[in-house]
Amino acid sequence: MNYFLTDEQKMIQELAATIADEKIAPVALKYDEEGKFPHDIVKILADSDLCGVYIPEEYGGLGGGIFEMSLVVEQLSRACGGIALAFAGTGLGIFPVLLFGTDEQKRRFLPDVAAGKKLAAFGLTEAGAGSDAAGLRTRADKVGDEYALNGTKQWITNGGEADIYTVVACTDKTKGPRGYSAFIVEKGTPGFSFGKKENKMGIRASQTVELVFEDCHIPKENLLSREGMGFIVAMKTLDRTRPGVAAQAVGIAQGAYEEAVKYSKQRVQFGQTISNFQAIQHILADMAIQIEAARSLVYATCRTIDSGAKTFSKESAMCKVFASDTAMKVTVDAVQVLGGYGYMKEYPVEKRMRDAKVTQIYEGTNQIQRNVIAQELLKEFQASK
Ligand code: COS
């Protein structure tokens, strides 16, 4: 399929693909097994300039958008969906600053992210507030010119590794989601520590950690937008980053598909390679169809967002649902093509099957995405009457 990428987009895609093939693929199984954060790969990404693809040039980036970010996520995820999250999770963490930061906040935080010197993370989820993002317990109480943060954030990607955290907390509990505010919290701030590190099914190279705030004082200069805007900051961020999850899913699926094709050309049964059997050919053909359809939807959504469209919650949710469901199906089928070998950890498809699962869950489960889609399309119908 010709997606008519610009020369710059092709360069970004090729650079990310080269890093994925030469640097990430050889160590992906090791990091998965050990569950360790890939500091050496993060250094390679920092040296490559890719960390700033979606950050404006005036803040040290390459001036691209969601599309450029997603091209990188897709390629890195082709080799390892977990390692790719050091990059993608930083996008999620820093987008609130890109969208709602003042010029002063952007100058303080964006250049180091663009240079790959600092990673970011997004702190919304809590033990009792997952799908129900309006159920936050973390508080931010005004104390003079500061806010005192108290509470615990759960399952935070890049937790402990990131230097910059955007955290949503309640500043007025009488107002529900309209009483939430978003803050930038730096690692090392007194009262901010890290709790439990999760032991996960997949994306094991990515660190998923609790953020613990105990009377953690944040200067008012670190408030994003204004008090009461925290829920909107979070929702508008997720509208822009869900295509990144979709791109991760496409990358994971593509990686599994490539392994399945390669294996089918090598594996001999009944005196011939299994690629000769129509049963296998049809599985491979279905994988290819679904991946290409998912990629098309992701790219179209990214272009819609980057074109300056005002509302795209529905499109963003659609591509997240479609690509993640595709990744799950394709990776399960890849395991099937490899048969008994596919089930073994030495072969690189069972990891992709485990990695794919989370794309149906995080940044809003696919059930929540379907709610968002249905709400929007019913609104559109009502408006058209
Ligand atoms: N953009 C702008 N504003 C939005 C919005 C969006 N995408 N989504 C919701 N809002 C606004 C609503 O318009 C509403 O504003 P008003 O108070 O002015 O009416 C306000 O936010 C509350 O919205 P709503 O009533 O729909 O909130 P709910 O509590 O019902 O939440 C959703 C519904 C779907 C938004 C929520 O359940 C959700 O997104 N859950 C998933 C959370 C998630 O992704 N978690 C993962 C965290 S990161 S790994």
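Looking at the range 15-48, which trypsin sites (Lys or Arg not before Pro) are in a loop (DSSP not H, G, I, E or B) and have at most 15 other Cβ atoms within 10 Å?
Details: sites: Lys23, Lys30, Lys36, Lys43; in loops: Lys36.
Listed in order of number, the matching sites are Lys36.
Longest exposed-loop-site-free stretch of the chain, with chymotrypsin sites (Phe, Trp or Tyr not before Pro), DSSP loop and at most 10 other Cβ within 10 Å? Show your work: numbers first, answer last.
Details: sites that count: Phe4, Phe270.
Longest site-free region, per DSSP loop and neighbour criteria: 5-269.
Per atom type, the chain shows carbon and sulfur on 54% of its accessible surface, probed at 1.4 Å.
Extension gain, Ile232-Ala127: 0.36 nm per intervening residue step, less the Cα-Cα distance, totals 35.7 nm. Just report the Cα centroid separation between the range 146-205 and the range 1-46, whole Å. So the two Cα centres are separated by 28 Å. Taking a straight Cα-Cα cut-off under 25 Å and skipping sequence neighbours fewer than 8 places away in the same chain, the lysines within cross-link reach of Lys118 are Lys23, Lys30, Lys36, Lys43, Lys106, Lys153, Lys187, Lys196, Lys197, Lys200, Lys220, Lys236. In the chain, the DSSP beta bridges split such that about 85 percent are antiparallel, to the nearest 5. Rounding to the nearest 10 and keeping the result within 0 to 90°, find how far the Cα-based axis of helix 230-266 lies from the longest principal axis of the chain. The angle comes out near 20 degrees. The residues of the chain have, on average, 44 Å² of accessible surface per residue, using a 1.4 Å probe with all protein chains present.
Among Gly202, Gly340, Gly230, the largest mean-square fluctuation in a Gaussian network model of the chain (Cα springs under 10 Å) belongs to Gly340.
Would you compute, from DSSP H runs of 4+ residues alone, the mean residue ellipticity of the chain at 222 nm, taking -39500 (n - 2.57) per run and dividing by the full residue count, rounded to the nearest 500?
On the way: 11 runs with 195 residues, N = 385.
After summing the helix terms and dividing by the residues of the chain, the value is -17000 deg cm²/dmol.
Sort the range 235-380 into rounded, prolate or oblate with this rule: let a ≥ b ≥ c be the square roots of the eigenvalues of the Cα gyration tensor; rounded if a/c is under 1.5, and if a/c is not under 1.5, prolate when a/b is larger than b/c, oblate otherwise. Since a/c reaches 1.5 and a/b is larger than b/c, the shape of the range 235-380 is classed as prolate.
Angle between the Cα long axis of helix 313-342 and the longest principal axis of the chain, 0 to 90 degrees, nearest 10? Taking Cα atoms only, the helix is inclined about 40 degrees.
Taking 35 Å as R0, compute the FRET efficiency from the Cβ-Cβ separation of Ser193 and Arg303 and round it to 0.05. With a Förster radius of 35 Å, E is 0.25.
Loop only by DSSP, 12 or fewer other Cβ within 10 Å of the Cβ. Give me the trypsin sites (Lys or Arg not before Pro) in the range 91-196 that pass, ordered by residue number. Working shown, then result.
On the way: sites: Lys106, Arg107, Arg108, Lys117, Lys118, Arg137, Arg139, Lys142, Lys153, Lys173, Lys175, Arg178, Lys187, Lys196; in loops: Lys117, Lys118, Arg137, Lys187.
Of the trypsin sites (Lys or Arg not before Pro), the ones in loops of the range 91-196 whose Cβ has at most 12 other Cβ atoms within 10 Å are Lys117.
Restricting the range 277-328 to trypsin sites (Lys or Arg not before Pro) that sit in a DSSP loop and have at most 14 other Cβ atoms within 10 Å of their own Cβ leaves Lys310.
Which shape class, rounded, prolate or oblate, goes with the range 1-67 when its Cα gyration tensor gives a ≥ b ≥ c as root eigenvalues, a/c under 1.5 marks rounded, and past that a/b bigger than b/c marks prolate? Before the final figure, lay out the partial values.
On the way: a/c = 2.77, a/b = 1.55, b/c = 1.79.
Oblate shape, in that a/c is at least 1.5 and b/c is the bigger or equal ratio.
Quick one: compute a quarter of the convex hull surface over the Cα atoms of the chain and quote it in nm². Show your work: numbers first, answer last.
On the way: hull surface 79.5 nm².
Answer in nm², one decimal: 19.9.
Under the shape rule built on the C-alpha gyration tensor, where the axes satisfy a ≥ b ≥ c, the range 7-118 is prolate, since a/c reaches at least 1.5 and a/b is greater than b/c.
The values are calculated or read from the model by the stated rules, or taken from the named source; none is laboratory data. Predicted model, so just to flag it, every value in this text is computed and none were measured. Ideal geometry is used to build each Cβ from the backbone, glycine not excepted, and the neighbour counts take in all protein chains shown. Note: areas computed on protein heavy atoms with side chains; ligands, DNA, RNA excluded. Shrake-Rupley method; radii C 1.70, N 1.55, O 1.52, S 1.80 Å.
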